[in-house]
Each structure stands twice: as structure tokens, then as C-alpha cells.
Amino acid sequence: MKIIKIVAYEILASGGYPTVEVKVTLDTGAVGIASVPYGASAGSHEATVLVDGDTTRWNGQGNLKAVANILTEIYPKIADIPAENQIDIDTAMIQLDGTPNKARLGGNAILAVSLAVARAVANSKQLPLYKYLIQTYNLTTDLTKLPQPMVVIIEGGKHADETTDFQEFCVSAKEQGSVTENVRKALETYHQLKKILKEHKLSTNGGNEGAFAPNGIPNNTDPLEFVTEAIKRAGYTPGKELGISIDAAASEFFNGNYELKLENRQFTGEELIHYYEEWLDKYSFVSLEDLLSEDDWDNWVTLNQILKAKGIKHIGDDLTVTNINRLRKAIELDAISGIIIKPNQIGTLSETIACCKIANEHNIMTITSHRGGGETNDDFIADLAVAVGSAYVKVGPTRGERVSKYNRLMEIERELRGAV
Ligand code: PGA
Ligand code: ZN
């Protein structure tokens, strides 16, 4: 299969700024369209999102340079590579860029092409995307176990103003079972949470990811009480059908010390670990993500031993940035038991899947995740999560660009059950 046309352009992401979308046409007539998200609390080791810096448009956040790079550099470079050779296409783009973090051409430019090519070939082969990914990357995924919902229901940090220091409080499915049923249980919990926030005279306005961003909440622990209560009021038992996950996104409140503004407290890493330890037996946690800053390796190792003993998954996001080198270091140090997977952190599909394979080989749980800065309606990550056998998909509960991911996951479930 040969790529005969690539079109690239700016579209609007959910954050109100542009992002890149690419349309790839093959000589078979098949077309693949893909767009890429960006983060609000992006880790410093992530691939570069190349923006124009031209303050006369989009406050400097335009993506025309990335678009131009696709048309003038990337397309000529990959035009003669068979489209089904996804790894060769991704490798050619990595080499053409020539920087360690895709700073020259832009991770946004490279990833949009990478994903659109994959989708075009899957369409051409008339395969669902997840099946095409399984074939192309020789994955040995058990499709009887689909990724389960990890639904962000309270958000703060960089995702909303005047609310919690920690970025996300999630309700996570605990039982395998049907994705569709587990999405329902998690969203029923979200609706109960709204009533509970109102009872506490807290705002139920939304944040970036469509979760509640309660203004004026007095501390970072109340959300844990509220989510626990919401699970119960929805008719479930915390720790049985549903549990709690947190993403602290701690790099965002680390400035040499960890500063919890809401509580007017400053902690060293050791002190912050003690703060977290008080929670561990009180709440039904499934997983805890980025509780420490992205380069605080020693404290990550200490915390991992504590969480392991409690059976709680310890998840790297800004720590690992979907990067095999950082994942390998985390495995060697025994710093994590799970990893967030976000294709735009690394910038190609092949590197993303290589990272998942290493995680799977080392029994590191993968959670495929949306981005909080600007998402698009592209549901690629749902197919990716299924293909690599992620335990969870982490996405917000409302807004079109969020629910599109759950809807695709439920569609895949129907497809696999033969009930399309
Ligand atoms: P981001 O945050 O996409 O805004 O960086 C989401 C997360 O940290 O999981
Ligand atoms: Zn995170």
C-alpha cells in the first residue's frame, strides 16, 4: 500500500487552542484521519508539542509550523515506504527529526501522521483498528479481558482554579466483568457525587476533563470522603465493585519542597509520604499516580515498597512519560507497578506500543489515558488500550471528547460479543 496524499491542518482541541489533524489517503482508496491532544500538566521529559510562538495568532499557540513540517519534510520522507510498514515509517520520522524529544519537527506533527497512517491501513484492510494493531505489532492480547473505566470525577491542580492541590480523584472499576456495566456503575457514582457536593455547598462546575472542580473545598482529603460516600449511595461497596484512584500530578506543586497551597503546608518527600500513608488504610484505593515529582526517584522507590505491601498500584505518568528508557529505569529501581500510556508523551505509535510491551513483560499494569489540556474527539486511545491489554482507560465522565473514548470501548465490547 502506498500513501498517495497527506493533508494536515489545525483543528480545535477541547482547551480552545488548535492542534494538528492529519488525513492520509492510500492508493487503495482508503483514508485515515487522526488528531492529537496536548496536556495541561505535561511532564518535562515529554516529547515537544511544537507551537508557532507567533503572538499575532492564537497567543502563540498556533500549530502551523507543525502542519508545514508534515507537508514539506515528513511526507516526502515517508512517501515511498509501504504504508503497512508502520515501524519503518515511525523510525524514518524519528530519524528525520533527529532530536531526543522531537523538538525539531514536533511530537504533535509526527504523532498525527503516525496514527493517521495506521488508521488508513486498518481501514484499507477492513479491520477494526485494535485488531490491526494486534496483528502489526504481534501482540498476544487476551480479548476476553477488556480495559476497564477509571473515571476522573473530581479535578483540581492545573485542571481547574481554586480547588484541590491534587489533580484527579477517580472512581475505578474493580471487577473484570462488562465494560458497559462498569461504565454505568462509575457514572452512577459521578451523579451521586454531584448531590453530595451540593449538600456541602460546593460548586459542581466542571474542569478541563469534564469532572467536578469544587471551588472552595477546604482540603485535599474531603474528595476521598465524598467519592467513598458517592460509591455507597450509588449502591456499591467501596473496594468491591469500585475503588478510588488518585493522580496527584505532584511535579506541579514541587518547587524543591512539596507545597500544598490549599492546606498551607510544605513537605519534604519523606513528609509527603507520611501524609499519604495516613490515607492508605482508610480508603479503598485501586491506584495512586504521580504522588511524587517526576525526578524524585529515591522517594518513588520508598513509596513503591509501602504501596506494594498494601496491594495498591503505584503509577508513573510524568515520571515515565511513555518512554522506554524511563520505564526501564523505573523497573530496575522497583519504583512503580503501573504506567500511564499517552501516545503524545513520546510521539509515535511504535514507541508507544514498544513501551506497553516492556510494561507487559515486567508485569507493570498499563493505564491508557486522555490528556487534560486539549483533547479531540479522536477515539484512537480506546483501540490502543484494547490492543495492548491495558487494565484501564483513564478518561473524564462528561464532554464529547471524553465520552467518545468510553463509547468506542463499549462499541468494541459489543463487536467482540457479536452483538453489533
Ligand atoms: P495532563 O494531565 O494531560 O493535563 O498533563 C492528565 C494526567 O496527568 O494524567
Ligand atoms: Zn497524570
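Give the residue from Ile306, Ser293, Ile74 lying farthest towards the positive end of the charge dipole for the chain; charges sit on Cβ (+1 for Lys and Arg, -1 for Asp and Glu) and the dipole is referred to the Cα centre. Positive-most Cα among the choices belongs to Ile74.
Lysines within cross-link reach of Lys5: Cα-Cα under 16 Å, excluding same-chain residues under 8 positions apart? Partners within reach: Lys23, Lys77.
Largest GNM mean-square fluctuation across Ile81, Ile94, Ile154, computed for the chain with C-alpha springs under 10 Å, falls on Ile81.
Taking Cβ atoms as reference points and 12 Å as the exclusive limit, the residues near Lys65 contribute a net charge of -2, counting Lys and Arg as +1 and Asp and Glu as -1.
In a reduced charge model with +1 at each Lys and Arg Cβ and -1 at each Asp and Glu Cβ, the chain shows a dipole moment near 1280 debye about its Cα centre. Judged by the mean number of other Cβ atoms found within 10 Å, the most tightly packed of the peptides 98-110, 325-337, 193-205 leads the ranking 98-110, 325-337, 193-205.
Here the dipole of region 303-420 is about 320 debye; that uses its Cα centre as origin and unit charges on the Cβ of Lys and Arg (positive) and Asp and Glu (negative).
Could you tell me which of rounded, prolate or oblate describes the chain, using a ≥ b ≥ c as the square roots of the eigenvalues of the alpha-carbon gyration tensor, with rounded for a/c under 1.5 and, failing that, prolate when a/b is larger than b/c and oblate otherwise? Prolate. Annotation: lysines with alpha-carbon distance below 19 angstrom to Lys342 (same-chain offsets under eight excluded): Lys102, Lys158, Lys313, Lys329, Lys357, Lys394, Lys405. Using only the Cα atoms of region 354-420, build the gyration tensor, take square roots of its eigenvalues as a ≥ b ≥ c, and label the shape rounded, prolate or oblate: rounded if a/c is under 1.5, else prolate if a/b is larger than b/c, else oblate. The shape class here is oblate. 3J(HN,Hα) along region 209-226, derived from phi through the Karplus expression 6.51 cos²θ - 1.76 cosθ + 1.60 where θ = phi - 60°, amounts to 9, x, 9, 6, 10, x, 4, x, 5, x, 7, 8, 9, 3, x, 5, 5, 5 Hz, with x in place of Gly and Pro.
Bear in mind these aren't lab numbers, they're just calculated from the coordinates by the rules spelled out. Note that this is a predicted model, so its numbers are computed, not measured. When we count neighbours, we look across all protein chains shown, and the Cβ atoms used for this are built from the backbone with ideal geometry, even at glycine.
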